Each structure stands twice: as structure tokens, then as C-alpha cells.
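Q: Below: one structure in C-alpha cells.
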Amino acid sequence: MKTLLAAFAGMIAINASAAITVNDDDGRPVTLQKPAQRVIALAPHVTEMLYAAGGAERLIGAVAYSDYPEAAKRLPQVGSHNGIDMERIAALKPDLIVVWMHGSSERQIDQIRALGIPLFHSEPRKLDDIATNLSRLGKLMGTEAVADPAAADLRKRLGALQAKYAKRAPVRMFYQVWDKPLYTLNDGHILSDAMRMCGGENVFGKLKVTAPVVTVEAVLQEDPEALFSGERSPTDIGLTLWKPFTTMTAVKRGNLFSIDGNLLNRSGPRMIAGAEILCDKLDLVRQRRSQP
């Protein structure tokens, strides 16, 4: 009898040790009994993150605008920021869903939880959190051999940027997400972490709303030294909106810059490349201070 009990206890110990547990960005533990083989991404940045973490063979569904890398365009779509197709998700039988609260309604996420499918909430708030997400998702998928080196590379690049720009003179800047309506991002958004690292000061950083709508008059009053636009398509008005305002410092000095919005608005691995471009452009702004 003792032998049987000992064997049973050993089996429990083996099963317990096989379980995988990580905390998501809400601090909630996510536990899987084995590495995830069927994963759904409910935000474009999540799709990028899962590919970078080695999950190409495990991704079975994504949402609209999941367009990077190229293979992501061929994934079955299960919804968009307007809503999630619950029946499609259930039919795909995922063993892990990675969600983003702003991209999916809380009600629908509660419905997914009711299905008993493990959820990982991805919401990087600092640039270093992107690397942390990579490692944790890699652990959940059993792809640490890909995810951990990718995370280490991101941290290396971040460290190099921090060392290079830590003592640069500050630059007051405005970041334009969209022009109709004209809205920007406050200091609570991960992009402001990139701004700070590069020595940029967000002129609307103190506003309480994460993505506040502002007026042209408010931007003119702040008189930023640099103005950045996160372009999304060739039809965007973007920076042409500001060219008539020749008394604004940014316009006067030619400090109007367009950066691919997918590199700065999405909190995925490519955001480090976006931060590198942002830092470089802010250095150009500093150089222009001495020009007549």
C-alpha cells in the first residue's frame, strides 16, 4: 500500500512540475499543463509578438490589421477591434488566447474566460516589457530557444539607446496619431517611454486620457520644437496640416517627421526599431538649433 501511495505521489509531483505558469501584464498567473500548440492573437501587436517568440507554427487565428510578418496575413481572422467572433474562436479550439484589453471588449473577454480557455493579457507599458512579453509567451509555447535570444537582443538594443541618449538636451515634441480627429498620446502610453529615453518631452503628456483629442490651436499654443506623425496610409493628410503655420518652431526649423505608425503605435518588437528612428530624428532637431 505504501508503495502504491508513493508511486501516486510521484506521479502527482511529475504532473505538477510539468505545468507551465507565467504572470501576464495584469499580474495574473496563466497556467498551462503543457506548451500551447493552438494560439489565437487578439491584437496586431500580439500577432507580431507571437511570431517573434517562435510561434509561427502555433498561431491559428488573429484579428484584422495583423499584417506583420507577411505570413500573418494568411491567418484566419476571428474579428477586429469592433468585435470578436466567439463561434469562430470556439471552433478553432485554441489552448491559449493572447488578448489586449483595448482591442477587445471586456464583455467578450469575459465570455472567452467562460469557455475555460487560458488567457494572457499583453499590455506592455514600458519598452523593456516587450522583451518580458516575448520571454513569457515563449515559455507558454515551449519556444524559449527562439524567444529568449530575441528578448535578449531587444534589451541589448534598448541598453545601447539608453546609454547613447541619456544626457541629451530635452526636445519638446508633439506626436500626431491621426489628424481627423486630431489626437495624440499621453505619458501613460508606451510611446512616451520611447520619447523619454530619446530625450523627448511630450507636450501633452500630462493629459489624463491615454489618447486625447486636441485642437490645432492647443498645439500652436504649446509651440513644439518637433512634430512627428505616425503615418498609416499614403492618403493621410499627416504633416501637411501644419505647413501653413510658419511661426510654429517645428515648422520654422523644418522639424516635421513621419515615421511608420506601426513602428511606434504597436507595442510589439518592431517598436524598438521605431525608437531608434525617433532618437535619431530628435538628434537632428538638436543639430538644427545652431543653424540660422
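Q: Assess whether Glu225 counts as being closer than 19 Å to Tyr165 by Cβ, touching a Pro at 6+ places or on another chain (Cβ under 7 Å) and either open to solvent by 10 Å² or more (accessible area, probe 1.4 Å) or among the basic types (Lys, Arg) (or both). It would help to see each step written out before you state the result.
A: Values: closer than 19 Å to Tyr165 by Cβ: yes; touching a Pro at 6+ places or on another chain (Cβ under 7 Å): no; either open to solvent by 10 Å² or more (accessible area, probe 1.4 Å) or among the basic types (Lys, Arg) (or both): yes.
For Glu225, the condition - closer than 19 Å to Tyr165 by Cβ, touching a Pro at 6+ places or on another chain (Cβ under 7 Å) and either open to solvent by 10 Å² or more (accessible area, probe 1.4 Å) or among the basic types (Lys, Arg) (or both) - is not met.
Q: Are there any pairs with C-beta distances below 9 angstrom linking a residue in the stretch 169-190 that is farther than 17 Å from Ile259 by Cβ and in a loop (DSSP other than H, G, I, E, B) to a residue that is of a type in the set (S, T, N, Q) and open to solvent by less than 10 Å² (accessible area, probe 1.4 Å), with the two at least 6 apart or on different chains, and if so which?
A: These pairs meet every condition: Asn186/Ser192.
Q: Given (1) farther than 20 Å from Cys279 by Cβ; (2) at pLDDT below 95; (3) β-branched (Val, Ile, Thr), where does Val216 come up short, assuming only one miss?
A: Result: Val216 fails condition (2) only.
Q: Continuing with this model, one more query. Taking Phe257, is it farther than 28 Å from Thr47 by Cα, more than 19 Å from the chain's Cα centre (by Cα) and of a type outside the set (Asp, Glu)? Explain how you work it out, then say what you get.
A: Working: farther than 28 Å from Thr47 by Cα: no; more than 19 Å from the chain's Cα centre (by Cα): yes; of a type outside the set (Asp, Glu): yes.
No: the conditions fail for Phe257.
Q: Ok, one more. Here is a list of conditions, (1) crowded, with 21+ Cβ neighbours inside 10 Å; (2) in a helix (DSSP H, G or I); (3) of a type in the set (A, V, I, L, M, F, W, C), and Ala218 meets all of them except one; can you say which number that is?
A: The number of the failed condition is (1).
Q: Still on this structure: Specify the residue that is nearest to Asn265 (Cα to Cα); the eligible residues are those in the stretch 95-118 that are surrounded by fewer than 20 Cβ atoms within 10 Å (Cβ to Cβ) and within 18 Å of the chain's Cα centre (by Cα).
A: In this case the residue turns out to be His102.
Q: Can you tell me which residue among Ile112, Ile97 is free of Cβ contacts under 8 Å to residues at least 60 places away in the same chain and in a strand (DSSP E or B)?
A: On the way: Ile112 fails: in a strand (DSSP E or B).
It is Ile97.
Q: For Ser233, state whether it is closer than 18 Å to Val171 by Cα and modelled with pLDDT under 95. Before you say what the answer is, go through the steps one by one.
A: Values: closer than 18 Å to Val171 by Cα: no; modelled with pLDDT under 95: yes.
Considered against the rule, which asks whether it is closer than 18 Å to Val171 by Cα and modelled with pLDDT under 95, Ser233 comes out as no.
Q: Here's something else I'd like to know. Could you please give the count of residues in the stretch 191-200 that are without any contact (Cβ under 8 Å) to a residue 12 or more places away in the chain and in a loop (DSSP other than H, G, I, E, B)?
A: Here is the first cut: in the stretch 191-200, the ones without any contact (Cβ under 8 Å) to a residue 12 or more places away in the chain are 196.
Still in the list and also in a loop (DSSP other than H, G, I, E, B): none.
So the answer is 0.
Q: For the stretch 151-168, give me the residue count where each residue is assigned to a helix (DSSP H, G or I) and over 23 Å from Gly27 (Cβ atoms).
A: Step one: filter the stretch 151-168 for residues assigned to a helix (DSSP H, G or I), giving 151-165.
Narrowing further to those that are over 23 Å from Gly27 (Cβ atoms): 152-153, 156-157, 159-165.
The number of residues fulfilling the criteria is 11.
Q: For the stretch 150-166, which residues satisfy the criterion of being over 22 Å from Phe228 (Cβ atoms) and open to solvent by 70 Å² or more (accessible area, probe 1.4 Å)?
A: Of everything in the stretch 150-166, those that are over 22 Å from Phe228 (Cβ atoms) and open to solvent by 70 Å² or more (accessible area, probe 1.4 Å) turn out to be Asp153, Arg155, Lys156, Ala163.
Q: Let me ask something additional. Working only within the stretch 59-94, note down all residues that are open to solvent by 50 Å² or more (accessible area, probe 1.4 Å), touching a residue at least 12 places away in the same chain (Cβ under 8 Å) and assigned to a loop (DSSP other than H, G, I, E, B).
A: Tyr65, Asp67, Tyr68, His81, Lys93
Q: Which number in (1) part of a strand (DSSP E or B); (2) under 15 Å from the mean Cα position of the chain (by Cα) marks the one condition that Thr47 misses?
A: Thr47 satisfies all of (1) part of a strand (DSSP E or B); (2) under 15 Å from the mean Cα position of the chain (by Cα) except (1).
Q: Looking at Val203, is it more than 26 Å from Arg288 (Cα to Cα), free of Cβ contacts under 8 Å to residues at least 40 places away in the same chain and open to solvent by less than 30 Å² (accessible area, probe 1.4 Å)? So that I can check it myself, show each step before the final result.
A: Details: more than 26 Å from Arg288 (Cα to Cα): no; free of Cβ contacts under 8 Å to residues at least 40 places away in the same chain: yes; open to solvent by less than 30 Å² (accessible area, probe 1.4 Å): yes.
For Val203, the condition - more than 26 Å from Arg288 (Cα to Cα), free of Cβ contacts under 8 Å to residues at least 40 places away in the same chain and open to solvent by less than 30 Å² (accessible area, probe 1.4 Å) - is not met.
For (1) free of Cβ contacts under 8 Å to residues at least 12 places away in the same chain; (2) open to solvent by less than 40 Å² (accessible area, probe 1.4 Å); (3) part of a strand (DSSP E or B), each residue gets a yes or a no:
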position: Lys208; (1), (2), (3): no, no, no
position: Ala211; (1), (2), (3): no, no, no
position: Ser229; (1), (2), (3): no, yes, yes
position: Thr240; (1), (2), (3): yes, no, no
position: Lys243; (1), (2), (3): no, no, no
position: Ser267; (1), (2), (3): no, yes, no
position: Cys279; (1), (2), (3): no, yes, no
position: Arg286; (1), (2), (3): no, yes, no
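Q: Here is a follow-up. What are the pairs with Cβ atoms under 8 angstrom where one residue, in the stretch 153-164, is at negative phi and the other, located anywhere, is open to solvent by 60 Å² or more (accessible area, probe 1.4 Å) and part of a helix (DSSP H, G or I)? Sequence gap at least six, or different chains.
A: Listed by first residue and then by second, the contacts come to Arg155/Asp128; Arg157/Glu276; Leu158/Asp128; Leu161/Glu276.
The values are calculated or read from the model by the stated rules, or taken from the named source; none is laboratory data. This one's a predicted model, so the numbers in the text were calculated from it and none came from an experiment. Positions of Cβ are backbone-derived with ideal geometry, glycine not excepted, and every protein chain shown enters the neighbour counts. SASA here: full protein model, heavy atoms, side chains in, ligands and nucleic acids out. Shrake-Rupley method; radii C 1.70, N 1.55, O 1.52, S 1.80 Å.
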